[in-house]
Amino acid sequence: MAVQFHGNLISGDSEIVALLAGADPEAFRCEAAQMLAAIVEAAEEPEQLVALCAALGRRIGGLGLREQHYARAAGALVDAVRATLGVAFDPDLEGVCRTVIGVVQAVVQRVTTPPA
C-alpha cells in the first residue's frame, strides 16, 4: 500500500515532487508503511492517534506543505487503500477510512501550520 500511496501522491503533481526531491523514495515508502501500520493500530485509541499524528506533523513540518498538499495526500491514501483492498473496500469501510484520514490530516495540518 505504501508503494501505491507514494505513486498516487507524486503522480502528476510537480509541486509535491519538488517538495519531496531530497527524500529517498524507498525510505519514504518504508516510513509511510510504518506510519500507516501505526495509524491503523491507533485508530480506536483517539489519544494515541492524535499523539502519533502530532509527531508526524513535527517530522514533516519543514517541507513547506500547504493546504492543497494535505488534501492531495488524503486522497492519495484513500485511493491506495481502495487499490489494495479491492472489492473489500465497501462504502462502510471507505467511510471509516475517510474519517480516520480526516483526523490524521487535521492534526498534522494543525501542527505544521504556523499561527495566524
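The values are calculated or read from the model by the stated rules, or taken from the named source; none is laboratory data. A quick note: this is a predicted structure, and the numbers were derived from the prediction, not measured. Neighbour counts run over all protein chains shown; Cβ positions are idealised from the backbone, glycine included.
Quick look at the numbers
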{"quantity": "Matching option when the condition is out of contact with any strand residue (DSSP E or B) (no Cβ under 7 Å at 6 or more places or on another chain), within 21 Å of Gln109 (Cβ to Cβ) and assigned to a helix (DSSP H, G or I), among Gly86, Gly7, Gly61", "calculated": "Gly61"}
{"quantity": "Restricting region 10-58 to residues that are among the polar types (S, T, N, Q) and in a helix (DSSP H, G or I), the residue that is modelled with the lowest pLDDT", "calculated": "Ser14"}
{"quantity": "Test: Gly95 is at pLDDT 90 or above, part of a helix (DSSP H, G or I), among the small types (Gly, Ala, Ser) and in contact with a helix residue (DSSP H, G or I) (Cβ under 6 Å, 6 or more places away or on another chain)", "calculated": "no"}
